[in-house]
Amino acid sequence: MEYIQLKGTSLTASRAAFGCMRLAELSVEQAKRQIEHAMELGINFFDHADIYGGGSCEEIFAKAVDMKPSVREKMILQSKCSIRDGYYDASAAYIRKAVDDILARLHTDYLDILLLHRPDALMDPGETAEALERLHEQGKVRYFGVSNYNVMQMELLQKYMKQPLVVNQLQISLAHTPLIDEGMAVNMDIDQSVLRTGGLLPYCQWKEINVQAWSPYQKGFFGGSFIGDLDEYGELNSLIDSLASKYGVSKTGIAAAWLFRHPVNMQVILGTMNEKHRQEGCEGLDVVLERKEWYDLYRAAGNIIP
């Protein structure tokens, strides 16, 4: 396992993270085995959200690990809030209650990182920032970040905060590359050049904000995995197969290696509850794709390199 010190923090985190969204599908004993397997691989970073299983994922996690101080100190725990039933809520009252409920479900006194899960169009940035600062003062949250925010949304919130925003968790995979596209085809009259995020990826590099990749094997918005999809991504899968053979890893490992290769030095959230697939994702850290190979994969996914 490869570890990085998350910028703006004192946390040393595994670059592969355990995504807990599907824990609700498991019994406590099954969840225990999955978490143990992740830790055997060297994963120490666990990503939650209050919306996952309606909170049950956090409850199952705490029971599975028998949360106590000796266990807690080995883990970096991150959770998210602001998605509710059919709407978003970044109000101070909701954030305060959400964090208290998260801590109760996880059987811990503090979160290492709290992310606002989706931008709330009705957010009062001053009110939201004040609530986050108060959580920090109370020792309930060490660090803060966001998920799925664009540049100006981050700038607006940061204007009112003393604590830095240290994370942005974003969807990115070989088959979902808007973050890459807008910088690849600058000033061209093609769809790929549309500035959809305001230059979010270089912004995060510039501001030293840690990027976390969610759905690393998905096409589109929960459109299924592109790995093995020969109808839509035949050329990509053919190249992935070739590189997997060259480097002695799985196709999943090559897909993960493509993300790990980017100089933003992102973490990749592995949400699988399959031990083999998790191990294959971690093997992507052992592969350093050649520059041409990285670009060839991007092109094979259907993108233009001008």
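Which residues, taken from the stretch 56-76, are within 21 Å of the chain's Cα centre (by Cα) and either of a type in the set (A, V, I, L, M) or closer than 20 Å to Leu41 by Cα (or both)?
Passing the criteria: Ile60, Phe61, Ala62, Arg72, Lys74, Met75, Ile76.
So Val146 ticks every box in (1) surrounded by 20 or more Cβ atoms within 10 Å (Cβ to Cβ); (2) on the phi > 0 side of the Ramachandran plot; (3) not basic (Lys, Arg) but one. Which box is left unticked?
So Val146 meets the others, but not (2).
Quick check on the stretch 83-99: of everything there that is part of a loop (DSSP other than H, G, I, E, B) and at pLDDT 95 or above, which residue is farthest from Val28 (Cα to Cα)?
Ser91
Here is a yes/no grid of residues against (1) among the aromatic types (Phe, Trp, Tyr); (2) outside any helix (DSSP H, G or I); (3) surrounded by fewer than 18 Cβ atoms within 10 Å (Cβ to Cβ):
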{"residue": "Asp231", "(1), (2), (3)": "no, no, yes"}
{"residue": "Gly234", "(1), (2), (3)": "no, no, yes"}
{"residue": "Ile240", "(1), (2), (3)": "no, no, no"}
{"residue": "Ala244", "(1), (2), (3)": "no, no, no"}
{"residue": "Gly253", "(1), (2), (3)": "no, no, no"}
{"residue": "Ala256", "(1), (2), (3)": "no, no, no"}
{"residue": "Arg278", "(1), (2), (3)": "no, no, no"}
{"residue": "Cys282", "(1), (2), (3)": "no, no, no"}
{"residue": "Tyr298", "(1), (2), (3)": "yes, no, no"}
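Regarding the stretch 122-134, can at least one residue be identified that is assigned by TED's automatic domain parsing to the domain that holds Ala93, surrounded by 17 or more Cβ atoms within 10 Å (Cβ to Cβ), under 21 Å from the mean Cα position of the chain (by Cα) and not β-branched (Val, Ile, Thr)?
Within the stretch 122-134, one or more residues are assigned by TED's automatic domain parsing to the domain that holds Ala93, surrounded by 17 or more Cβ atoms within 10 Å (Cβ to Cβ), under 21 Å from the mean Cα position of the chain (by Cα) and not β-branched (Val, Ile, Thr).
Of all residues in the stretch 106-121 being among the acidic types (Asp, Glu) and crowded, with 18+ Cβ neighbours inside 10 Å, which is farthest from Ser82 (Cα to Cα)?
Asp112
Select from the stretch 196-210 the residues that are aromatic (Phe, Trp, Tyr) and touching a residue at least 40 places away in the same chain (Cβ under 8 Å) and list them in ascending order.
Tyr203
Hey, any hits in the stretch 151-160 for a residue that's under 26 Å from Ile305 (Cα atoms), among the hydroxyl-bearing types (Ser, Thr, Tyr) and at pLDDT 90 or above?
Checked against the condition, which is being under 26 Å from Ile305 (Cα atoms), among the hydroxyl-bearing types (Ser, Thr, Tyr) and at pLDDT 90 or above, the stretch 151-160 yields no hits at all.
Listed residues Gly198, Gly183, Gly223; which is closer than 22 Å to Leu297 by Cβ, in a loop (DSSP other than H, G, I, E, B) and not aromatic (Phe, Trp, Tyr)?
Criteria check complete, one pass: Gly223.
The values are calculated or read from the model by the stated rules, or taken from the named source; none is laboratory data. Model, not experiment: these values are computed from the prediction. Cβ: placed from backbone, ideal geometry, glycine included. Neighbour counts: every protein chain shown.
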